[in-house]
1. Hey, among A68, A79, which residue is under 16 Å from R14 (Cβ atoms) and either aliphatic (A, V, I, L, M) or open to solvent by less than 20 Å² (accessible area, probe 1.4 Å) (or both)?
2. Hey, V11 hits all of (1) in contact (Cβ under 8 Å) with a residue 40 or more places away in the chain; (2) among the aliphatic types (A, V, I, L, M); (3) open to solvent by 30 Å² or more (accessible area, probe 1.4 Å) but one; which does it fall short on?
Amino acid sequence: MSETRTISVIVTGRVQGVSYRAWTQAEARARGLSGSVRNRDDGTVEAVFSGSPEAVAAMEALCRSGPAGARVTDVAVRAGGDVPPGGGFRILRD
């Protein structure tokens, strides 16, 4: 049985209007992660990543820079989070 790690992140900075959600989805899928990403009303982006500890750690590190055009000022990380049923990585609509 392989180990699975799940984390939730809140990304602060200039992260809306710069394709952060689409970038996150593409990067997470490339690493075989399950989870979701969404914009929050306060201007932050929230994501949940679930998969191998190595892939989750890599995604957490990537979130600290984001796509071109983003200016990340903080990434708050906590263990756990709700992963949508059925696997895969989804963009949740506002």
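The values are calculated or read from the model by the stated rules, or taken from the named source; none is laboratory data. Model, not experiment: these values are computed from the prediction. All Cβ positions, even for glycine, are placed from backbone atoms using ideal geometry, and neighbour counts span all protein chains on display. These accessible areas exclude ligands, DNA and RNA; they are computed on the full protein's heavy atoms, side chains included. Shrake-Rupley method; radii C 1.70, N 1.55, O 1.52, S 1.80 Å.
1. Details: A79 fails: under 16 Å from R14 (Cβ atoms).
Criteria check complete, one pass: A68.
2. So V11 meets the others, but not (3).
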